[in-house]
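Have a look at the structure below, then the notes.
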Amino acid sequence: MFDGCNNLTVPLPEKNVPLDKTLPTITLTKHGVKADMNAIALEWKPIDDKRVKGVYIYKHSPQDKDQNTHILYKTIDNRFATHFVDTQVKPSTKYAYSFKTFSKDAESDSSPVIFVKSLHLLHSVVWADTISGLPKSVKLIWRPHTNSKVASYIIERKKLNEDNFKKIAEVKNRLSAEYIDQNLEDNQIYQYQIRVKTFDNLISTPSKILQATTKSLPKPIQNIQASQNLPKQIKLTWDPNTEDDFYQYYVYRSEPNKDDYKLVATLYNNHFTDKIDEDGKTYYYQVRAVDNDGLESKYEDTVVGTTLQKPQSATLKKPLFTQDTIQLQWQNEDKRVKNYIVIRKEKKGWFDEIVKKFKNIQKTSFIDTDVKYNTTYSYQVVSVDKYGIKSLPSNKVTITTPKQNIKINEK
């Protein structure tokens, strides 16, 4: 740790201070040098000469410009002091010290030069490992450091494509033995190293580089199909997920052109029926597989589904009044239509009207026999398919029946 070899020149005396060879010189005690990683302690024998006012301490370090000469480093203004701790020390570095005593008007000869090497920087943990395959996480484990000076563990991380490690956490307590790195990217390789930190803020060399990979997402859903012509519903089907840790499916839905997908179903089967009380309604869908850890697959396909459209509306022709009846005819080329509803409105005064519906009309014509003279009627026709889905009303036609024995006035 130290020796008394004097390979350097004698320390330079203070300017204009006379040398008094009768003044005592400093002699270190038997265990007068203690070295640590960041400090060196020096202890000398007591000085009994009452002329001595204190001690000059000279130091030489590797960064000094003049490599052959000591410089005055510290003045101790009390002859009764016998200890000094140098805290301006780097680990694993050799330093040289010498001493002089001084009186009121003079200083002593220099003591022999003492060489001291600070301790090596503390090594990191001797064993550490990682656990891969965790969802968005990596677990680090290590054997606690045996040095009681250790206060904490510094965790550093980088990706494979990054050059430098960065500190991500500091785990307190020497006996700690694990750290879980969370909120990571999926199926990503990370590298780690661990350093230990002492109570006096010395940081060790890094551990060996550790490597781990986060868990992959479930495979994307394949072959998603959405129906286009089912009444009041959209049916989705897709190929089943066969991965071992598959748990369930999430179905997301969005309005067209909104890209605002919301979860509408969680299920275990590879099909889903979306009940919709609206005809001709379009939705966009995404289906994702979810594993036992709650990881969702990415979506590769967005499918579009539509409920069955309303039947085509009929086109009413001009009504006719004959033989105390009103005759209606209309056209509709939609082959889905199975029957019709005729809606008649009878005007009563300026604001009121009586509404009557004639249902399940099988033909494209209708004779209204329940009519009165000198009354205004309006008609519309609604087409109905086999599912009971109704079209929008047809165009409106209006007719006013004549007064009795008076010719009809048609509109």
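Within the stretch 227-277, the residues that satisfy the criterion of being touching a residue at least 60 places away in the same chain (Cβ under 8 Å) and charged (D, E, K, R) are K232, K235. Going by the conditions given, is D86 acidic (D, E), modelled with pLDDT of 95 or more and closer than 30 Å to L217 by Cα? Here the answer is no, as D86 does not meet what is asked.
Inside the stretch 230-285, can you point out the residues that are of a type in the set (D, E) and either surrounded by 12 or more Cβ atoms within 10 Å (Cβ to Cβ) or within 27 Å of K215 (Cα to Cα) (or both)? Before you say what the answer is, go through the steps one by one.
So the first thing to find is which residues in the stretch 230-285 are of a type in the set (D, E), and the list is 239, 243-245, 255, 259-260, 274, 277-279.
Correct list: D239, E243, D244, D245, E255, D274, D279.
Within the stretch 372-397, the set of residues being part of a strand (DSSP E or B) and within 16 Å of E353 (Cα to Cα) comprises T376, Y377, S378, Y379, Q380, V397.
All of (1) outside any loop (DSSP other than H, G, I, E, B); (2) surrounded by 12 or more Cβ atoms within 10 Å (Cβ to Cβ) hold for K357 with one exception: (2).
Inspect the stretch 323-344 for any residue being part of a strand (DSSP E or B), among the acidic types (D, E) and either on the phi > 0 side of the Ramachandran plot or surrounded by 14 or more Cβ atoms within 10 Å (Cβ to Cβ) (or both) and give the result as yes or no. Looking for residues that are part of a strand (DSSP E or B), among the acidic types (D, E) and either on the phi > 0 side of the Ramachandran plot or surrounded by 14 or more Cβ atoms within 10 Å (Cβ to Cβ) (or both), one finds none in the stretch 323-344, hence no.
T306 falls short on exactly one of the conditions (1) in a loop (DSSP other than H, G, I, E, B); (2) touching a residue at least 24 places away in the same chain (Cβ under 8 Å), and that condition is (1).
Taken over the stretch 37-56, the residue count meeting the criterion of being over 19 Å from A106 (Cβ atoms) and surrounded by 15 or more Cβ atoms within 10 Å (Cβ to Cβ) is 8. Evaluation of Q211 against the conditions (1) exposed (fewer than 14 other Cβ atoms within 10 Å of the Cβ); (2) part of a loop (DSSP other than H, G, I, E, B) shows that the sole unmet condition is (2). In contact with a strand residue (DSSP E or B) (Cβ under 8 Å, 6 or more places away or on another chain), more than 28 Å from A289 (Cβ to Cβ) and of a type in the set (S, T, N, Q), is that true of N164? The answer is yes for N164.
Taking every residue in the stretch 348-373 that is free of Cβ contacts under 8 Å to residues at least 40 places away in the same chain and pairing it with any residue that is not in a strand (DSSP E or B) and not hydroxyl-bearing (S, T, Y), at least 6 positions away or on another chain, the pairs with Cβ-Cβ distances below 9 Å are K356/D370; Y373/D324; Y373/P402; Y373/K403; Y373/Q404; Y373/I406. Residues that are assigned by TED's automatic domain parsing to the domain that holds T25, in contact (Cβ under 8 Å) with a residue 12 or more places away in the chain, in a loop (DSSP other than H, G, I, E, B) and within 30 Å of T146 (Cα to Cα) are absent from the stretch 41-61 altogether. The number of residues in the stretch 89-134 being touching a Pro at 6+ places or on another chain (Cβ under 9 Å), within 21 Å of K208 (Cα to Cα) and either without any contact (Cβ under 8 Å) to a residue 24 or more places away in the chain or not β-branched (V, I, T) (or both) comes to 4.
The values are calculated or read from the model by the stated rules, or taken from the named source; none is laboratory data. None of the values given here were measured: they were computed from a predicted structure. Cβ: placed from backbone, ideal geometry, glycine included. Neighbour counts: every protein chain shown.
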